[in-house]
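All remarks here apply to the structure that follows.
Where a number appears in this text, it was derived from the coordinates with a stated rule and is not lab data. The model shown is predicted, which means the values in this text are computed figures rather than measured ones. Cβ coordinates were reconstructed from backbone atoms using ideal geometry, including for glycine residues, and neighbour counts include every protein chain displayed.
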Amino acid sequence: MIFSREQLEQLEDQTLAPYGAHSSKTRGRLYPDHEPEFRTCFQRDRDRVLHTTAFRRLEYKTQVFINYEGDYYRTRLTHTLEVAQIGRTLARALGGNEDLTETICLAHDLGHPPFGHSGESTLARLMRDHGGFEHNKHSLRIVTELENRYPDFPGLNLSWEVLEGIVKHETEYDKSDARAFNPNLRGNLEAQIANVSDELAYTAHDLDDGLRSKMLTPEMLEGIEWWEIVSKEIGWRGGALSAQDRHAIIRNIIGLGVSNIVSTTDKRLREHSIRSMEDLQQMPFNLVGHDEDMHRRNRQLKDFLYNNLYRHYRVVRMAVKAERVLSELFNAYRDEPSTMPKHVQDLIAARGLERTICDYIAGMTDRYAVEEYHKLFDPSMLP
């Protein structure tokens with residue numbers, strides 16, 4: 001049996017909730033583009049994101065630990081894939097469009113510069129008088145301008161719903177600026193799912209990496225409600241924490257978090273009589289999320305991670321190094337633009353010097369930025 005795009009759209013109409021995003025009702029693309037024979041519009045969007053240079057670069061961009069600190073820590077790429085997995089599970093349970101959810105999840109961190117949030121804060125400071133830098137906005141620029149893969153349009157020409165989801169991505173560490181995408185409306189169901197999937201993924205997996213690195217220990221977590229609940233759930237009573245125990249704890253945090261999001265969101269959808277995407281987006285707050293008890297537990301765990309992992313001296317030292325590397329690269333390129341590759345220099349007339357430098361640095365991986373730093377400032381390195 002062969003399923004055409006039209007048949008796939010019919011299956012969506014039969015299975016998705018009325019407030020989910022149906023491919024057949026998309027608001028379309030900015031530029032004329034033929035639709036594929038065997039994929040919905042959102043499936044094509046997902047595939048286009050997967051094939052981008054920006055997506056491949058995520059493999060060597062920081063989540064918490066610099067790539068070369070260890071082969072088993074999360075990178076920005078593995079984090080993104082884990083967000084997408086959680087997102088698909090939530091979308092499936094809540095009647096949302098899995099393909100749209102996955103696409104938003106896969107694209108949500110495309111705009112991250114090297115060295116994670118320390119890299120972003122550095123570029124934001126350097127670009128303060130030149131239009132600023134924020135990774136959500138840069139993600140949008142990547143998919144609408146910077147990826148140069150097609151002869152008939154700039155960027156990827158993604159569906160409107162995907163662009164809205166990227167722009168309206170918001171977590172505690174990501175703030176949205178949706179001025180061009182109905183700023184008075186909430187994100188669609190799938191965008192809201194991507195938000196909570198991101199938060200759940202980074203909270204659980206940063207805890208996992210912190211324990212693996214020994215920067216965090218079970219003793220430090222005593223009194224943290226999440227830790228007490230999942231430790232009891234798996235029958236861990238203290239002592240040495242084995243790798244299997246650690247995996248079981250992280251698995252339970254994600255599993256319990258997903259279950260709570262599904263039950264809480266379903267309850268809110270019913271309470272507010274949500275019957276369409278318009279109903280959901282006109283709410284004054286996001287409906288997809290945890291209940292108050294789970295929110296309190298997450299807040300406690302996030303505060304713990306901030307104080308004990310993100311502000312650990314080893315992480316802070318690397319952040320200081322990252323700021324120095326990116327700042328000195330930026331200033332060196334601005335002082336002498338001819339030190340950048342010719343294809344980058346050619347963009348200055350259209351984009352301006354500072355924006356061109358910012359785009360160039362934001363696209364670097366951690367290791368490429370370090371190599372560039374050595375090439376520019378270490379006389380023993382070949383240029």
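Filter the cross-link list K214/K375; K232/K302; K321/K375 down to pairs whose alpha-carbon distance in this structure exceeds 23 Å.
K214/K375
Evaluate E = 1/(1 + (r/R0)^6) for S273 and E145, where r is the Cβ-Cβ distance and R0 equals 30 Å; express this FRET efficiency to the nearest 0.05.
That pair, S273 with E145, gives E of 0.15.
Can you compute the equivalent ellipsoid semi-axes for the stretch 57-173, i.e. the square root of 5 times each eigenvalue of the Cα gyration tensor, sorted largest first and rounded to whole Å?
Whole-Å semi-axes of the equivalent ellipsoid: 23, 21, 14.
For the stretch 153-262, just run the numbers: alpha carbon Rg, then divide by 2.2 N^0.38 Å, N being how many residues it has.
1.40
Under the definition of Cα pairs under 8 Å and six or more residues apart, what whole-number percent is the relative contact order of the chain?
20 percent
Grab the beta carbon distance between S263 and V316, set R0 = 56 Å, and tell me the FRET efficiency rounded to 0.05.
0.90
Based on the alpha carbons, how large is the Rg to Rh ratio for the chain when Rh follows Kirkwood?
Expressed as Rg/Rh, it is 0.98.
How far is the Cα center of the stretch 286-300 from the Cα center of the stretch 358-372, in Å?
Spelled out, the Cα-based centre of one part sits 36 Å from the other.
Which lysines have a Cα less than 22 Å from the Cα of K25, not counting those fewer than 8 places away in the same chain?
K168
Can you tally the net charge around L211? Count Lys and Arg as +1, Asp and Glu as -1, for every other residue whose Cβ sits under 12 Å from the Cβ of L211.
In short, -2.
How high is the relative contact order of the stretch 228-295, given as a whole-number percent (alpha carbon pairs under 8 Å, six or more residues apart)?
Dividing the mean separation by the residue count of the stretch 228-295 yields 32 percent.
Quick check: residue separation of R92 and Q345 times 0.36 nm, minus the Cα distance between them. What number comes out in nm?
Net length gain for the segment: 86.5 nm.
Can you list the HN-Hα couplings for the stretch 127-142, worked out from phi with the Karplus curve (6.51, -1.76, 1.60; θ = phi - 60°), rounded to whole Hz and with x for Gly and Pro?
Computed from phi, the couplings for the stretch 127-142 are 9, 3, 9, 9, x, x, 8, 8, 5, 4, 5, 5, 4, 5, 5, 4 Hz.
Based on the Kirkwood radius over alpha-carbon pairs, what value in µm²/s does the Stokes-Einstein equation return for the translational diffusion coefficient of the stretch 208-346 at 25 °C and 0.890 mPa s?
For the chosen part, D equals 128 µm²/s.
Please list, short to long, the whole-number percent of alpha-carbon pairs of the stretch 190-246 in consecutive 5 angstrom bins beginning at zero.
4, 15, 26, 25, 13, 9, 6, 2, 0
In debye, nearest 20, what is the charge dipole magnitude of the chain about its Cα centre with +1 on Lys and Arg Cβ and -1 on Asp and Glu Cβ, if you could check?
Computed about the Cα centre, the dipole is about 440 debye.
Only loop residues by DSSP count here, and only those with at most 14 other Cβ atoms within 10 Å; note down the trypsin sites (Lys or Arg not before Pro) in the stretch 1-103 that meet that.
Listed in order of number, the matching sites are R27.
With label points built 7 Å along Cα→Cβ from the Cα atoms of K137 and Q282, find their separation and express it in nm.
Here the answer is 3.1 nm between the modelled labels.
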